[in-house]
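The values are calculated or read from the model by the stated rules, or taken from the named source; none is laboratory data. Quick caveat, the model's predicted, so the values are computed rather than measured. Using ideal geometry, Cβ is built from the backbone for each residue, glycine included, and neighbour counts are taken over all protein chains shown.
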Amino acid sequence: MVKAAKKLNLPLYLFHQGTNYKAYEFLGAHPHKKGRAQGVMFRTWAPAASAVSVVGDFNEWEPTATPMKPISEDGVWEAFATGIKPFDNYKFCITTAKGEQLFKSDPYAFHAETRPGTASKYIDINGYSWGDNEWFEKKQGFNIYHSPVNIYEVHLGSWRRYEDGNSFDYNKMASELIPYVKDLGYTHIEIMPITEHPYDGSWGYQVTGYFAPTSRFGKPADFMSFVDQCHQAGIGVIMDWVPGHFPKDENGLYEFDGSSCYEYADPQKKEHDQWGTRIFDYGKNEVNSFLVSSAMFWIEKYHIDGIRVDAVASMLYLDYGREQWQWTPNINGGKENLEAVAFLQKLNSAVLTEHPSALMIAEESTSWPLVTKPPMVGGLGFNFKWNMGWMNDMLTYTSLDPIYRAYNHDKLTFSMFYAFSENFILPISHDEVVHGKCSLINKMPGEYEEKFAGMRVFLAYMMAHPGKKLLFMGQEFAQFNEWDYQTELDWSLFDFEKHEKMHDFVRAVNHFYLENACMWQIEDSWDGFKWISHDDHAQNIVSFRRIDEQGNEVVVLCNFCPVGREAYRIGVPDAAAYTEVLSTDDTAFGGTGISNGKVLVEDIEMHGFNQSIEFQVPPLSCLYFKPIAGKRMHKKAVEEKRAAGAAQKKEEKKKSSKKKRDEKSGLAVDEKTSESR
């Protein structure tokens, strides 16, 4: 009977084959009609259980009231029950092979009790009326690689809170966060794990509900509305997702049926000791179906635009966080987890085949090759990777006292050796502003003014560097305190001019990025980035060009030294002049106001060009220039113009000196007259 059922039940068969990528439609709790009875069909996978039943509000939590029966030899159990209302609580009562009873949340539940409760809640999530058709029509045929991507990373529980200290719900968050992000010029919001989790202090990275948006902020329909409103405002939504490990909470996946069910049985593979979590067994087909279905679920049911896969390195390496004696090499004698590699390739192939416009982003911190290349050539199949190397180098460099930066200039330039090897996102994420690492503004050395100037030049350099962008909440207005998940951001800082002007600067540089294709259109080759000067380590200065497909360009100069340069020269492509289009030293952003305006091109060879420009460089500043087409002055005319300017300055200085002497002389006469009186 079981074998016959196996052949007839395609979802069940595919689940055990590891290729049911919509297992959430089969397992879990779903409305079902049996004969004339309308009720709910419950299914779960518990291969080592000796018995399973459903317990909940509808049957007084009696373990014997709603027994489940096995429908496959590989451990899928099923029961039909009536009298269940929306939002009723339920769990699975699992009797282990040893006779112990375990009360487990439904791994496929769509909703859950709010902590500290741990029960699953029955709900039919179908029926929401979406209003984001225009968003998805726009995404069709949209080339994300040659488009601007500027991400605002947010932890919903601590972005902003009500006066009583409670976090905003999904609806309030939509009304406040979306216009804020839109005004600042971000293209996407990235939400730290929205999946249900029991402990606030895990920030969502220890998940118990892989198919349930956390009930902390509202119901499933409320989260759908949040995403819908983002899309209608032109904002994409990316969510963090954690397929690398899960917590050992007794109601969760941990030893679900009394055995190593979802986790590895091998003691050298099953646990991350430093995190106190269990590791998914990627060699099990049913675990593959579970995880791929979870990723697919968020894209299909909640219209999520992208998934950032957390802690990919912990999945890829058998020796991750382990001493030599704590792991066993793979069949090839290496330290790679071949099962995890195969899973990630399957995951990305499945998602991107069905949803080509989805963003599959790897948070991968090592030099693993071909992360964003397709599996057919040996890649992992992601389409973007966080550039952790750039992040580490830049934060190390900018944290140094400027007198030491000259000896660490390679940290500023080394990223260009590999910038085109993957499709990168440049992240300044939550991990960099917590646990004693300091906020971004506090990483900057120097006195108060210098910290703000240093942060502005850092962000302007980041926006001009090849790669998509990500900034964690609070850094846009230079929050001094480290991020604390238990309190809202320090919004009171807007009462202080420097913080308000930093916010204005981030808005300005973000919109400049959006409006200038040369900043994002070509990021996979040297065609879009060309050094002008990368070796002026003595003065902590770099200069380069960003170029778009039509040949338009922006010349960028970054001065990471707190000393200005009166007459700094760089070679440039031929043009009539260059105009300064953005300066981090603008008074509108809290700078000193040194401005170059329009700078004429001169026939003076430099940096491999036949012509160059000379301008004033403020301390700790980044300048963006655009070329002005037209007839250029010849060298002789330029020299005459410069000589005339120098003569004019000399004459003005002479007049100023005479005026001071006259004033001093007049003061002396007045004093003498006063004495005589």
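When you scan region 562-597, how many residues do you find that are surrounded by 21 or more Cβ atoms within 10 Å (Cβ to Cβ) and either closer than 24 Å to Phe477 by Cβ or touching a Lys or Arg at 6+ places or on another chain (Cβ under 7 Å) (or both)? Going through region 562-597 one residue at a time, the tally reaches 9. Of all residues in region 201-253, those satisfying the criterion of being under 21 Å from the mean Cα position of the chain (by Cα), under 24 Å from Tyr264 (Cα atoms) and outside any strand (DSSP E or B) are Ser202, Gly204, Tyr205, Gln206, Val207, Val242, Pro243, Gly244, His245. Would you please name the residue that is farthest from the chain's Cα centre (by Cα), looking only at residues in region 290-311 that are among the charged types (D, E, K, R) and in a loop (DSSP other than H, G, I, E, B)? Filtering region 290-311 for residues that are among the charged types (D, E, K, R) and in a loop (DSSP other than H, G, I, E, B), the one farthest from the chain's Cα centre (by Cα) comes out as Asp305.
Of everything in region 335-363, what is under 21 Å from Ser429 (Cβ atoms) and assigned to a loop (DSSP other than H, G, I, E, B)? Give them in sequence order. Of everything in region 335-363, those that are under 21 Å from Ser429 (Cβ atoms) and assigned to a loop (DSSP other than H, G, I, E, B) turn out to be Ala358, Glu363.
Condition test on Trp135, is it of a type in the set (Phe, Trp, Tyr) and surrounded by fewer than 17 Cβ atoms within 10 Å (Cβ to Cβ)? In short, no. Of the residues Gly28, Gly35, Gly83, the single one that is buried (at least 20 other Cβ atoms within 10 Å of the Cβ), at positive phi and not assigned by TED's automatic domain parsing to the domain that holds Ala342 is Gly28.
Identify the single condition in (1) more than 27 Å from Gly564 (Cα to Cα); (2) in the same structural domain as Ala419 (by TED's automatic domain parsing); (3) not in a helix (DSSP H, G or I) that Phe494 does not satisfy, given that it satisfies every other one. Of (1) more than 27 Å from Gly564 (Cα to Cα); (2) in the same structural domain as Ala419 (by TED's automatic domain parsing); (3) not in a helix (DSSP H, G or I), only one is false for Phe494: (3). Answer yes if at least one residue in region 635-647 is modelled with pLDDT under 95, assigned to a loop (DSSP other than H, G, I, E, B) and surrounded by fewer than 18 Cβ atoms within 10 Å (Cβ to Cβ), and no otherwise. No: zero hits.
Only residues that are hydrophobic (A, V, I, L, M, F, W, C) and outside any strand (DSSP E or B) were counted in region 545-564, giving 3.
Every test in (1) in a loop (DSSP other than H, G, I, E, B); (2) closer than 29 Å to Thr592 by Cβ is passed by Thr372 save one, and that test is (2). Considering only residues that are more than 30 Å from Phe529 (Cα to Cα), touching a residue at least 24 places away in the same chain (Cβ under 8 Å) and part of a loop (DSSP other than H, G, I, E, B), which ones fall in region 440-473? Within region 440-473, just Gly446 meets the criteria. Looking at Ser294, Ser289, just one residue is more than 20 Å from His197 (Cβ to Cβ) and crowded, with 24+ Cβ neighbours inside 10 Å, and that residue is Ser289. Quick one: would you say Ala112 is among the aliphatic types (A, V, I, L, M), within 29 Å of Pro247 (Cα to Cα), touching a helix residue (DSSP H, G or I) at 6+ places or on another chain (Cβ under 9 Å) and surrounded by 20 or more Cβ atoms within 10 Å (Cβ to Cβ)? Yes: the conditions hold for Ala112.
Exactly one residue among Phe80, Phe42, Phe58 is touching a Lys or Arg at 6+ places or on another chain (Cβ under 8 Å), of a type outside the set (Lys, Arg) and part of a strand (DSSP E or B), and that residue is Phe80. Among the residues of region 350-364, write down those that are in contact with a helix residue (DSSP H, G or I) (Cβ under 8 Å, 6 or more places away or on another chain) and buried (at least 17 other Cβ atoms within 10 Å of the Cβ). Those that are in contact with a helix residue (DSSP H, G or I) (Cβ under 8 Å, 6 or more places away or on another chain) and buried (at least 17 other Cβ atoms within 10 Å of the Cβ): Ala350, Val351, His355, Ser357, Ala358, Leu359, Met360, Ala362, Glu363, Glu364. Of the candidates Met502, Met519, the single residue that is hydrophobic (A, V, I, L, M, F, W, C) and under 22 Å from Lys598 (Cα atoms) is Met519.
Here Asp266 fits the description: closer than 29 Å to Gln326 by Cα and either surrounded by fewer than 17 Cβ atoms within 10 Å (Cβ to Cβ) or among the polar types (S, T, N, Q) (or both).
Which count do you get for residues in region 378-394 that are in a helix (DSSP H, G or I) and either touching a residue at least 40 places away in the same chain (Cβ under 8 Å) or in contact with a Cys (Cβ under 7 Å, 6 or more places away or on another chain) (or both)?
The total comes to 3.
Candidates are the residues of region 153-198 that are under 20 Å from Ser429 (Cβ atoms) and among the aromatic types (Phe, Trp, Tyr); the one that is surrounded by the most Cβ atoms within 10 Å (Cβ to Cβ) is Tyr186.
I'm checking my understanding of the structure. Among residues of region 473-522 that are touching a helix residue (DSSP H, G or I) at 6+ places or on another chain (Cβ under 7 Å) and of a type in the set (D, E, K, R), which one is surrounded by the most Cβ atoms within 10 Å (Cβ to Cβ)? If we take residues in region 473-522 being touching a helix residue (DSSP H, G or I) at 6+ places or on another chain (Cβ under 7 Å) and of a type in the set (D, E, K, R), then Glu476 is surrounded by the most Cβ atoms within 10 Å (Cβ to Cβ).
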